[in-house]
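K.L.:
Structure provided below as structure tokens; questions to follow.
The values are calculated or read from the model by the stated rules, or taken from the named source; none is laboratory data. Everything numeric in this text was worked out from a predicted model, so none of it was measured. Methodologically, a virtual Cβ is constructed for each residue, glycine included, from the backbone with ideal geometry; neighbour enumeration extends over all protein chains shown. SASA here: full protein model, heavy atoms, side chains in, ligands and nucleic acids out. Shrake-Rupley method; radii C 1.70, N 1.55, O 1.52, S 1.80 Å.
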Amino acid sequence: MYPISANGRRRGTWHARLAGSIAAAALALTACSARAENTGPSVPATQGCVCRGAVISAVPVASFSAAKLAAGLKSIGLGSWSTLVHYGVDGYRVLYRTIAVDGSPATASGLIVLPRRAAPTLRVVEFEHGTMVSRRDAPSVNPQSDGQLAGLVAASAGFAAVAPDYLGLGAGPGFHPFMHAASEASASLDMLRASLAIAARHGHHLDPQVFLTGFSQGGPAAMALGQALQHGADPRLRLGALAPVSGTYDIAHAEIPAMFSGQIAPTSATLYLPYWLLAWNRIYHLYQRPAQVFRAPYDRTFIANARHCQAALAAHGAHVPVIDVGPVAHNPSLERSFPRLLTWFQHLSQTHRVRSVTSHRHRSRARAAHHRGHLQAFPGRRIGLAAYVACSACGRLADAGPGG
């Protein structure tokens with residue numbers, strides 16, 4: 001999530017200078033890594049001595065009745081989210097085992113929120129959070145973070161909510177590999193595995209079909225995790241639906257050009273590009289001295305990332321609309337989008353339950369009808385992308401990774 005001023009408009013000046021040769025190297029790495037790192041074979045749940053997804057600890061961090069949660073949302077200007085509140089909720093900061101960027105053993109943390117309801121089986125909504133620079137702003141730590149607020153509301157709507165902190169944020173050690181889709185996907189997948197154990201401890205079973213969403217940085221993180229699930233990364237989990245919001249899907253051809261053309265707010269670019277270069281330099285060694293990087297000015301509206309992602313999906317046979325939620329800045333786009341996408345997830349859950357009790361003949365007709373219109377629209381722009389990417393009729397979508 002990008003920092004914004006009190007009135008919601010992002011301001012500031014851009015002082016960085018980016019050396020041409022370094023920019024070219026960074027762009028090349030961006031283009032290939034988004035495609036290659038997330039489409040290879042999945043890493044098994046157990047790699048050497050790493051029991052991926054094993055829970056180390058689970059600490060209660062949030063507990064609300066439905067009434068208290070609804071009132072709290074209204075008090076911070078999220079009244080539109082309060083309409084989704086139905087159940088009391090309990091949230092836990094979970095520390096679990098995963099892998100680092102190089103595949104070595106690591107730990108990470110995240111938030112799991114469960115509704116106070118008797119239903120033994122819950123459908124999962126996983127929320128991938130936006131950009132943050134402090135580990136204290138992670139979903140499992142900060143009550144005002146996008147991840148914690150989204151998790152509380154999703155759980156209160158009847159889902160099991162999962163919000164990974166990613167590597168190096170929250171209670172996880174080390175540096176955060178910002179905008180590194182492969183590690184975002186691996187940490188998020190292992191968080192899903194941990195959620196199976198946490199849910200069981202509280203008397204719940206999680207439905208294998210997972211609904212994914214994410215905001216800003218979390219947009220491509222959700223896409224990467226969706227691709228991993230689609231490729232069978234864990235036989236216990238499947239991609240159910242995908243609805244990312246205002247994501248940075250194409251760094252090379254949308255995000256970086258917009259930074260230098262004046263299309264992105266200077267404050268955001270001042271944070272975003274240096275953060276990304278510093279994080280990736282630790283992984284890919286893009287430059288030797290800080291003096292080799294930093295520059296340029298910009299503006300405030302920008303949805304080229306979503307358009308590029310839409311085109312990439314269409315090239316793979318998935319025709320998905322970009323949804324317009326109005327002339328709002330980056331952060332407010334999540335406020336407008338989340339109730340709509342969560343309502344869509346609820347609709348998919350109800351549709352799935354109805355299908356499960358129909359006759360085999362009726363299911364066959366439903367399957368045929370579904371294939372005639374495989375992807376269906378989710379109305380509106382800045383929400384990014386949303387579509388029926390999988391359902392009980394066919395369970396999968398044409399291959400669609402982040403950026404192509």
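K.L.:
Looking at (1) under 19 Å from Ser57 (Cβ atoms); (2) β-branched (Val, Ile, Thr); (3) within 15 Å of the chain's Cα centre (by Cα), which is the one condition that is false for Ile198?
P.N.:
(3)
K.L.:
Of Ala150, Ala106, Ala171, Ala119, which residue is assigned to a loop (DSSP other than H, G, I, E, B), of a type in the set (A, V, I, L, M) and either in contact with a Cys (Cβ under 8 Å, 6 or more places away or on another chain) or under 27 Å from Thr248 (Cβ atoms) (or both)?
P.N.:
Answer to the check: Ala171.
K.L.:
Could you run through the stretch 125-141 and say how many residues are out of contact with any Lys or Arg (no Cβ under 7 Å at 6 or more places or on another chain) and surrounded by 24 or more Cβ atoms within 10 Å (Cβ to Cβ)?
P.N.:
Residues that pass the stated criteria total 9.
K.L.:
Taking the options Ser195, Ser156, Ser186, name whichever one is in contact with a strand residue (DSSP E or B) (Cβ under 7 Å, 6 or more places away or on another chain), of a type in the set (S, T, N, Q) and open to solvent by 10 Å² or more (accessible area, probe 1.4 Å).
P.N.:
One residue alone meets the criteria, Ser186.
K.L.:
For Gly240, only one of the following conditions fails: (1) open to solvent by 40 Å² or more (accessible area, probe 1.4 Å); (2) touching an Asp or Glu at 6+ places or on another chain (Cβ under 9 Å); (3) not hydrophobic (A, V, I, L, M, F, W, C). What is its number?
P.N.:
(1)
K.L.:
Which members of the stretch 240-262 meet the condition of being in a loop (DSSP other than H, G, I, E, B) and among the acidic types (Asp, Glu)?
P.N.:
Hit for the stretch 240-262 is Asp250, nothing else.
K.L.:
Checking the structure you have, find out if any residue of the stretch 225-240 is farther than 18 Å from Ala155 by Cα and without any contact (Cβ under 8 Å) to a residue 40 or more places away in the chain.
P.N.:
Checked the stretch 225-240: at least one residue is farther than 18 Å from Ala155 by Cα and without any contact (Cβ under 8 Å) to a residue 40 or more places away in the chain.
K.L.:
Related question: Name the residue that is farthest from the chain's Cα centre (by Cα), counting only residues in the stretch 108-122 that are surrounded by fewer than 20 Cβ atoms within 10 Å (Cβ to Cβ) and closer than 18 Å to Ala197 by Cβ.
P.N.:
Taking the candidates together, the pick is Pro120.
K.L.:
Continuing with this model, one more query. State whether the residues of the stretch 290-300 include one that is modelled with pLDDT under 90 and closer than 29 Å to Gln148 by Cα.
P.N.:
Looking through the stretch 290-300, at least one residue is modelled with pLDDT under 90 and closer than 29 Å to Gln148 by Cα.
K.L.:
Give me the pairs, please: first residue somewhere in the stretch 91-106 and farther than 12 Å from Met191 by Cβ, second residue anywhere and of a type in the set (Ser, Thr, Tyr) and open to solvent by less than 40 Å² (accessible area, probe 1.4 Å), beta-carbon distance under 7 Å, and either six or more positions apart or on two chains.
P.N.:
Close Cβ pairs (under 7 Å, with a partner that is of a type in the set (Ser, Thr, Tyr) and open to solvent by less than 40 Å² (accessible area, probe 1.4 Å)) amount to Ile99/Ser186; Val101/Ser183; Ala106/Thr98.
K.L.:
Which of the residues belonging to the stretch 113-131 are of a type in the set (Asp, Glu) and out of contact with any Asp or Glu (no Cβ under 9 Å at 6 or more places or on another chain)?
P.N.:
Across the stretch 113-131, the qualifying residue is only Glu126.
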